[in-house]
Amino acid sequence: MLLLNVPPDTDGLLPAADVARLREFRERVDRELPEDLARGGRTSAAPGRVTVDLGADLEADRIRRAEDIRYGQQVEGFVVEAFRDGRWAEVTRAGVIGASRILLLAAPVRARRWRVRVTAARGAVRIAEFGMSRSRV
């Protein structure tokens, strides 16, 4: 969920300046996250871990995670890894995931297989989304 705090005026219309900013925001999102490279990939899950095989080496610099927060926010720490040169290598790590979290990698990483591995949690973890993109920024 994204709360933008852009209320309509008394005629039910959004101010022109707000509409312009919302369009700019949409264009920026489209550049940052043009397509989900993991869509169509083969995904497997185990407790505290989700792995995706993209089917080919693809380059990503944005990683998106989401928890199924109907059961509460459980993840307190996780790592993202890419399978490169015959082994899993850490790409980035972070704390909570929550409803949605987008991580910007310091540099693009090319790999076929990717995984998120939870390193700390309050309770049972339910990863709802594992997406990745190569930005156009």
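General remarks:
- Taken together, the residues in segment 16-47 that are exposed (fewer than 10 other Cβ atoms within 10 Å of the Cβ) and more than 21 Å from the chain's Cα centre (by Cα) amount to 2.
- Residue in segment 24-34 that is in a loop (DSSP other than H, G, I, E, B) and either closer than 15 Å to Gly131 by Cβ or hydroxyl-bearing (Ser, Thr, Tyr) (or both) present: yes
- If you check Ala17, Ala56, Ala46 for being more than 19 Å from Ser100 (Cβ to Cβ), out of contact with any Phe, Trp or Tyr (no Cβ under 8 Å at 6 or more places or on another chain) and at pLDDT 95 or above, only one passes: Ala56.
- Flag for Ser135 being of a type in the set (Gly, Ala, Ser), within 20 Å of Glu32 (Cβ to Cβ) and open to solvent by 30 Å² or more (accessible area, probe 1.4 Å): no
- Residues being over 31 Å from the mean Cα position of the chain (by Cα) and either in a helix (DSSP H, G or I) or loosely packed, with under 10 Cβ neighbours inside 10 Å (or both) - total across segment 2-15: 4
- Within segment 106-120, if we keep just the residues that are open to solvent by 50 Å² or more (accessible area, probe 1.4 Å) and of a type outside the set (Val, Ile, Thr), the residue that is nearest to Ala94 (Cα to Cα) turns out to be Arg117.
- Extreme residue, surrounded by the fewest Cβ atoms within 10 Å (Cβ to Cβ), among residues of segment 60-96 that are under 12 Å from Ala128 (Cα atoms) and basic (Lys, Arg): Arg70
- Filtering segment 111-122 to residues that are farther than 12 Å from Glu67 by Cα and of a type outside the set (Val, Ile, Thr) leaves Ala111, Arg112, Arg113, Trp114, Arg115, Arg117, Ala120, Arg122.
The values are calculated or read from the model by the stated rules, or taken from the named source; none is laboratory data. From a predicted model like this one, the values you see are computed outputs, not experimental measurements. Quick reminder, even Gly has a Cβ in these numbers, built from the backbone with ideal geometry, and neighbours come from all protein chains shown. Note: accessible area is taken over every heavy atom of the protein model, side chains too, but ligands, DNA and RNA are not part of it. Shrake-Rupley method; radii C 1.70, N 1.55, O 1.52, S 1.80 Å.
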